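The values are calculated or read from the model by the stated rules, or taken from the named source; none is laboratory data. None of the values given here were measured: they were computed from a predicted structure. Neighbour counts run over all protein chains shown; Cβ positions are idealised from the backbone, glycine included. What goes into the accessible areas is simple: the full protein's heavy atoms, side chains included, and nothing from ligands, DNA or RNA. Shrake-Rupley method; radii C 1.70, N 1.55, O 1.52, S 1.80 Å.
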Amino acid sequence: MEYAQVGLYGLADSAFVDGTISGPDGSFRIHRIRNGTYYLEISFIGYKSETIRPLSITPDVPRFNAGQVTLEVNTTNLEEVAVIRQMNQTERKIDRQVFHTDQFQTATGGTAVDVLRSIPSVNIGPDGEVSLRGTGGFLVYLNGKPTQLDASVLLSQISANSIDRIEVITVPTARFDSQGKGGIINITTHQSTLDGTNLNAALMVGGAPWNEKADPLRYGGNLSFTHQQDRFRIYGGLDYNRRNVRGSREGKARILQNDGSYYWMVADGPRPEWHINHSARIGADIELTDSDAISVGVYRGKKIEGRTAEYIYDNFYGDINENPTGDPRDILIFNPNTHERVGNFTTASLDYEHQSPNGGTFTGSFLYEYSNLYSDLYNTNISLMAGNEGDTLLAYRQHDDNPLNGFRLDLKYTVPIRNTHLFSMGYQPQYLQQQGVFKFDTLNMVNQVWNPYTEFENETELSRWIHAGFVNLEGSWNKLDYIAGIRLEYMDQMFTVENPDYLNIFDRPTTAENEVKKLDLFPVLHLQYNLNETDNLVAAFSRRINRPPTKNMSPFLLRRHYEVFAVGDPSLKPEYATLAELSYVKGIGESMVTVTGFYRKTNNAIYRVNTVLTEDEADWYHGNSVLIRSYTNSGNNQAIGGELAADLKLAPWLKLYLGGALYHFTIQGDIFEFEVDQQSTNWSLNANTSVSIASQFSLYWALSVQSATVTAQGKDELFYMSDASFSWISKKITNLNIQLKVLDTFSSNDKGLSTEGYDHTGTQIFYQVTTYHRYGPILELNLTYTLNTSLQKKKSLDSTFGIEEF
């Protein structure tokens, strides 16, 4: 068989190493492979794939003969032959689910966040916030390597065009960081490159000019290159992406007063957002010998994220049904409020790999990071009352700087045992140092001079060492595959606060030094029983940790808008999660269905909570009642349920991917001396359809739905989004792809939520309900062009980058 596809993958991590196609007589050859343990995957359109595993290349056995390989035919009767290659979108491996992004075409021109909308375990909120099985506590890896970048920040900076596949690792093995109660999302970029020069360019422009409320400014592009010659490879890229989102917000809040009345704050108005990302990266891979290789890389990126809230507030005293009492203090104000966060990220990395004569592999990776993070928040109250309409009543200006330095070292040794087992061990220390300076100024209305509000200005410093070591053993016995490991981590953390007497809403003793020294053990077990060539059972168990980010610990009193202040809690402790799941994978012809049952319990859970300061307590806020928002360890939560992923080939021209989850979610805790016991039945649905109209034309449609869910103090409402795209590949201009996308096709990007709080007697002291609207639909035009100067595939290494938080 000529033109059969042959891929060589690492046995330890399933990473693509090299590949080729068979010649006219069916023969194939992959040469210059470094010592190690691998497996072969051979496929051809119309035939079932064949896997040969394991195989080892050593100095004593430098060659492997695959022998005669037979592919089983998938027979289909056709009146005429029109071959359209549509690979499976999903694969189920022993420790992960793999989603190939070729079919997620509605994400073209976007970011990794757009790709994730189609994956069953992942939920994307209306503001782009990513969660995994209902929790935001997960890590993002890039090409199998850890990053310190906050998950949502990293995902928004990776171009969808550069992604080859996304791996969802809900129960990570011991070689991965234990951080992240929800697991790990591994982004794998396109790894195979070409001898010579490979260029890729993409442009995007879009907007919603037919909607008077929408800003049409959405544009971006990326340019990447790779040049490879023999053992040397250099690569780099430039990315720029700007996406403006027009929207509005409406809401109301009531706060119980001492006399039994309520202080009402009813507001609505426009809420435009802007999201800007740009970056540059360059790196090089060098194969020093057949056994040694190094890789170096430098990354520089910037992210700007902002919003302006232009709300009109009707503030009055009334009863619980919103009937005014006629109190003369009723006021009508305009509250323009702008908050912009900026992150400048710089990362340098050095990787080394050595293949030893016994087939073992030693890898060493060093990553250094420096980031300058800061934000500015401006708040103004302008009177709309008769007699002083247009007068500025209050003005706040807040600024914080949070620069950080960090490094991470990863030393790992892997060696095959009797060709069917693989043993690995490693040491992975990391260090993070972050400072924080917070300024809070108010405007003197008499002389128009800005003065510091020293009571709430503050400085912080975080120093965190994590020493981690692991051992891991994997292999197979007959039909049973296994991965067993254990990870030991010691954390030495000190968080200092210059002014510990900040606003303390928890009535806890405040201290200038908050120290955590903790040794933790994290066991992991994966089992896979292969029922036949296509069906298997997979079971997994793990324990994980989620350390709070600095931004949730910093006692900086941020005035988010008129009715809400936010402040961090320096005494936050890590969360601990127990994860378990059981999957059944069923192959049905060219389709595949996976059913997964899962369980997750989080102890010492961190909740975002609200309480109030009444007018008697809030003399520093000019006598008005306000909501105070913070974070606290105050209980446990649990999720138990199942997922369904169906990768269906309904016809040679029609492919449907369905993913869904159904689980019971409970939250229990003690929040401000009130016992919370919330529960809901949550569900989600993701659908992705691709229709090949002809050899040049394809139509794609995607739908994502998230049910309502309880929160620690309230409820988030149902949310759904739909995108569509039409793709055309030019015959005259090779490798030119033009795509037209319609985002938010049904103008459904609305999100409602409610929050309520109680005192220790069970009396409701506040209630807040809010709805955010983001205007659609949005039209985008994407052009992608690839220029290749050679046809021989080569293997490549990848570097990584990251930041702790944004």
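Scan segment 258-271 and tell me whether some residue there is under 30 Å from Lys302 (Cα atoms), touching a residue at least 12 places away in the same chain (Cβ under 8 Å) and surrounded by 17 or more Cβ atoms within 10 Å (Cβ to Cβ).
yes
Exactly one of these conditions fails for Gly26: (1) surrounded by 15 or more Cβ atoms within 10 Å (Cβ to Cβ); (2) touching an Asp or Glu at 6+ places or on another chain (Cβ under 9 Å). Give me its number.
Unmet condition: (1).
Of the conditions (1) buried (at least 18 other Cβ atoms within 10 Å of the Cβ); (2) closer than 30 Å to Ser754 by Cα; (3) among the aliphatic types (A, V, I, L, M), Ala293 satisfies every one except a single condition; which number is it?
So the condition that Ala293 fails would be (2).
Yes/no per residue for (1) free of Cβ contacts under 8 Å to residues at least 12 places away in the same chain; (2) in contact with a Lys or Arg (Cβ under 6 Å, 6 or more places away or on another chain); (3) hydroxyl-bearing (Ser, Thr, Tyr):
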| residue | (1), (2), (3) |
| --- | --- |
| Ser727 | no, no, yes |
| Ser730 | no, no, yes |
| Lys741 | no, no, no |
| Phe746 | no, no, no |
| Asn749 | no, yes, no |
| Gly762 | no, no, no |
| Phe766 | no, no, no |
| Tyr775 | no, yes, yes |
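Within segment 356-372, track down each residue that is crowded, with 22+ Cβ neighbours inside 10 Å and either basic (Lys, Arg) or under 18 Å from Gly36 (Cα atoms) (or both).
Thr361
Among the listed residues Glu305, Glu322, Glu250, which satisfies the condition of being open to solvent by 40 Å² or more (accessible area, probe 1.4 Å), among the acidic types (Asp, Glu) and assigned to a loop (DSSP other than H, G, I, E, B)?
Result of the check over Glu305, Glu322, Glu250: Glu322.
Considering every residue within segment 740-753, establish whether at least one is out of contact with any Leu (no Cβ under 9 Å at 6 or more places or on another chain), within 26 Å of Tyr775 (Cα to Cα) and exposed (fewer than 15 other Cβ atoms within 10 Å of the Cβ).
Within segment 740-753, one or more residues are out of contact with any Leu (no Cβ under 9 Å at 6 or more places or on another chain), within 26 Å of Tyr775 (Cα to Cα) and exposed (fewer than 15 other Cβ atoms within 10 Å of the Cβ).
For Asp759, work out the one condition from (1) modelled with pLDDT under 85; (2) among the charged types (D, E, K, R); (3) open to solvent by 40 Å² or more (accessible area, probe 1.4 Å) it doesn't fulfil.
Single failed check for Asp759: (1).
Residues in segment 704-719 that are of a type in the set (Gly, Ala, Ser), in a strand (DSSP E or B) and more than 27 Å from Asn688 (Cα to Cα): how many?
Count: 1.
Looking at segment 31-42, I want the residues that are more than 16 Å from Asp290 (Cβ to Cβ) and have a partner that is aromatic (Phe, Trp, Tyr) with Cβ atoms under 9 Å, at least 6 apart or on another chain. Which pairs are those?
Sorted first by the residue in segment 31-42, then by its partner, the pairs are Tyr39/Tyr9; Leu40/Tyr9; Leu40/Phe64; Glu41/Tyr9; Ile42/Phe28.
Quick one: in segment 332-351, which of the residues that are of a type in the set (A, V, I, L, M) and more than 19 Å from Gln768 (Cβ to Cβ) is farthest from the chain's Cα centre (by Cα)?
Leu332
Suppose we keep only residues that are crowded, with 21+ Cβ neighbours inside 10 Å and at pLDDT 90 or above within segment 583-592. Which one would you say is nearest to the chain's Cα centre (by Cα)?
Among residues in segment 583-592 that are crowded, with 21+ Cβ neighbours inside 10 Å and at pLDDT 90 or above, the one nearest to the chain's Cα centre (by Cα) is Ser583.
Would you mind stating whether Leu288 is exposed (fewer than 15 other Cβ atoms within 10 Å of the Cβ) and aliphatic (A, V, I, L, M)?
yes
Of the residues Thr755, Thr784, only one is part of a strand (DSSP E or B), β-branched (Val, Ile, Thr) and under 25 Å from Asn610 (Cβ atoms); which?
Thr755
Which numbered condition trips up Tyr775, out of (1) over 19 Å from Phe672 (Cβ atoms); (2) more than 25 Å from the chain's Cα centre (by Cα); (3) among the aromatic types (Phe, Trp, Tyr)?
Going through (1) over 19 Å from Phe672 (Cβ atoms); (2) more than 25 Å from the chain's Cα centre (by Cα); (3) among the aromatic types (Phe, Trp, Tyr) one by one, Tyr775 breaks only (2).
Could we say that Val593 is β-branched (Val, Ile, Thr) and closer than 23 Å to Phe456 by Cα here?
Spelling it out, it is not the case that Val593 is β-branched (Val, Ile, Thr) and closer than 23 Å to Phe456 by Cα.
What's the number of the condition Thr289 fails, among (1) under 20 Å from Leu783 (Cα atoms); (2) not in a strand (DSSP E or B)?
The single condition Thr289 does not satisfy is (1).
Working only within segment 1-51, note down all residues that are in a strand (DSSP E or B) and either over 34 Å from the mean Cα position of the chain (by Cα) or of a type in the set (Phe, Trp, Tyr) (or both).
Selection gives Tyr9, Phe16, Ile21, Tyr38, Tyr39, Tyr47.
Just to be sure, is Val524 among the β-branched types (Val, Ile, Thr) and closer than 18 Å to Leu480 by Cβ? Write out each step before concluding.
On the way: among the β-branched types (Val, Ile, Thr): yes; closer than 18 Å to Leu480 by Cβ: yes.
When the stated conditions are applied, Val524 passes them.
For segment 273-284, which residues satisfy the criterion of being modelled with pLDDT of 90 or more and either under 26 Å from Thr363 (Cβ atoms) or outside any strand (DSSP E or B) (or both)?
Ile282, Gly283, Ala284 - these are the residues of segment 273-284 that are modelled with pLDDT of 90 or more and either under 26 Å from Thr363 (Cβ atoms) or outside any strand (DSSP E or B) (or both).
List pairs: first residue in segment 196-210 and on the phi < 0 side of the Ramachandran plot and assigned to a loop (DSSP other than H, G, I, E, B), second residue open to solvent by less than 40 Å² (accessible area, probe 1.4 Å) and hydrophobic (A, V, I, L, M, F, W, C) anywhere in the structure, Cβ distance under 7 angstrom, at least six positions apart or on different chains.
Going by the 7 Å Cβ cut-off, the qualifying pairs are Ala208/Ala214; Ala208/Ile778.
This table checks each residue for (1) open to solvent by 60 Å² or more (accessible area, probe 1.4 Å); (2) closer than 30 Å to Asn200 by Cα.
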{"site": "Ile671", "(1), (2)": "no, no"}
{"site": "Glu675", "(1), (2)": "yes, no"}
{"site": "Ile693", "(1), (2)": "yes, yes"}
{"site": "Thr734", "(1), (2)": "yes, yes"}
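Can you find, within segment 632-660, the residue that is surrounded by the most Cβ atoms within 10 Å (Cβ to Cβ) among those that are at pLDDT 90 or above and closer than 19 Å to Thr602 by Cα?
Ranking the candidates gives Asn637 first.
Is it the case that some residue within segment 442-457 is open to solvent by 70 Å² or more (accessible area, probe 1.4 Å), over 30 Å from Leu11 (Cα atoms) and in a strand (DSSP E or B)?
yes
Checking the condition in contact (Cβ under 8 Å) with a residue 40 or more places away in the chain and surrounded by 18 or more Cβ atoms within 10 Å (Cβ to Cβ), which residue from Asn335, Asn344 passes?
Exactly one residue qualifies, and that residue is Asn335.
If you go through segment 3-13 one residue at a time, how many are modelled with pLDDT of 75 or more and either open to solvent by 70 Å² or more (accessible area, probe 1.4 Å) or closer than 27 Å to Asn186 by Cβ (or both)?
7
Identify, please: which residue in segment 677-689 is farther than 14 Å from Gln706 by Cα and open to solvent by 20 Å² or more (accessible area, probe 1.4 Å) and is, among those, farthest from the chain's Cα centre (by Cα)?
That would be Asp677.
Of the residues Tyr396, Tyr370, Tyr378, only one is more than 30 Å from Ile333 (Cα to Cα) and touching a strand residue (DSSP E or B) at 6+ places or on another chain (Cβ under 7 Å); which?
Working: Tyr396 fails: more than 30 Å from Ile333 (Cα to Cα); Tyr378 fails: more than 30 Å from Ile333 (Cα to Cα).
None of the others qualify; the one that does is Tyr370.
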